[in-house]
Amino acid sequence: MSDDATLPPPYPDAHGLLDGKVVIVTAAAGAGIGFATAKRAAEEGATVVICDVHERRLGEAADQIGLIAGERPVAVLCDVTVEDDVQRLFDAAIAEHGRVDVAVNNAGLGGTANLVDMTDDEWSKVLDVTLTGAMRCTRAALRHMCPRGEGVIINNASILGWRAQAGQAHYAAAKAGVMALTRCAAMEAAASGVRVNAVSPSFAMHPFLAKVVAQETLDELLAREAFGRPAEPWEVANVIVFLASDYSSYMTGEVVSVSSQHP
């Protein structure tokens, strides 16, 4: 650990936690939690399948993961608001690898608008990507995993599913929905040996976030973090890897906060 708590710790070594697993990660292009999760899963021995709506960035992510894994992963253009795209993603993974062991539903869409000014379209767009997209991917995963009698699903929620923030009614409602979806799906899938959990990050910093969130808001979020810094995306990815691994075999229906935030 760094002597300065405001600096991130060293990147941890891999321990083969996902050896032999086939892992799908949605919204894995770019520099956020999705790419960090795909990269970390590959480092932990998984065969990774990635998707995104951004073709160029998806190709770049596949190239980088290929350097880690020794071969380029299956990379599928996928819009999680389109059921056919979601089905095509799972079909591609199964056609190439025979199964899906882990599905990480990371796709989400944010935005800032006070409710009094929010349009129906703004509300619906965030809900369709963030909540209904997670439902579509969870449903597709369950339809494959439950008959097999094994599998793990991890959804990416947010601390805003628990805590209020002005301008985030649509995003907070969607993430609270992801938490409820996770718990209900877990109860339905438990008898089939399938586990469903979620992570709830507070503030994980990456370049894209800085482009879409005002600096004033970022400063306010940072002031709440006990470590005096945001999480690195890979720190959230580490918790996702834990939930995907056999080390969390007795956990289902849980929403794990990845946060140093105080009220």
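The values are calculated or read from the model by the stated rules, or taken from the named source; none is laboratory data. Every value quoted in this text rests on a predicted model; they were computed, and no experiment measured them. So basically every Cβ, Gly included, is an ideal-geometry build from the backbone, and we count neighbours across all protein chains shown.
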### Query
In the stretch 57-71, how many are farther than 15 Å from residue 41 by Cβ and free of Cβ contacts under 8 Å to residues at least 12 places away in the same chain?
1
### Query
Can you tell me how many residues in the stretch 64-89 are over 22 Å from residue 32 (Cα atoms) and in contact with a helix residue (DSSP H, G or I) (Cβ under 8 Å, 6 or more places away or on another chain)?
2
### Task
Evaluate the following for residue 192: is it among the hydroxyl-bearing types (Ser, Thr, Tyr), surrounded by fewer than 20 Cβ atoms within 10 Å (Cβ to Cβ) and either in contact with a Gly (Cβ under 8 Å, 6 or more places away or on another chain) or at pLDDT below 95 (or both)?
yes
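Inside the stretch 34-63, can you point out the residues that are part of a helix (DSSP H, G or I) and out of contact with any helix residue (DSSP H, G or I) (no Cβ under 7 Å at 6 or more places or on another chain)?
Start the filter on the stretch 34-63 by keeping residues that are part of a helix (DSSP H, G or I), which leaves 34-43, 55-63.
Listed by number, the residues that qualify are 34, 55, 56, 57, 58, 59, 60, 62, 63.
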### Task
State whether the residues of the stretch 8-18 include one that is touching a helix residue (DSSP H, G or I) at 6+ places or on another chain (Cβ under 9 Å) and closer than 25 Å to residue 134 by Cβ.
yes
### Message
So, in the stretch 35-63, exactly how many residues are touching a Phe, Trp or Tyr at 6+ places or on another chain (Cβ under 8 Å) and closer than 19 Å to residue 13 by Cβ?
### Response
3
### Message
Within the stretch 34-48, does at least one residue satisfy the condition of being on the phi > 0 side of the Ramachandran plot and surrounded by 15 or more Cβ atoms within 10 Å (Cβ to Cβ)?
### Response
yes
### Task
Find all pairs meeting these conditions: Cβ atoms under 8 angstrom apart; at least six residues apart or on different chains; first residue within the stretch 223-249 and over 21 Å from residue 31 (Cα atoms); second residue acidic (Asp, Glu) and part of a helix (DSSP H, G or I).
none
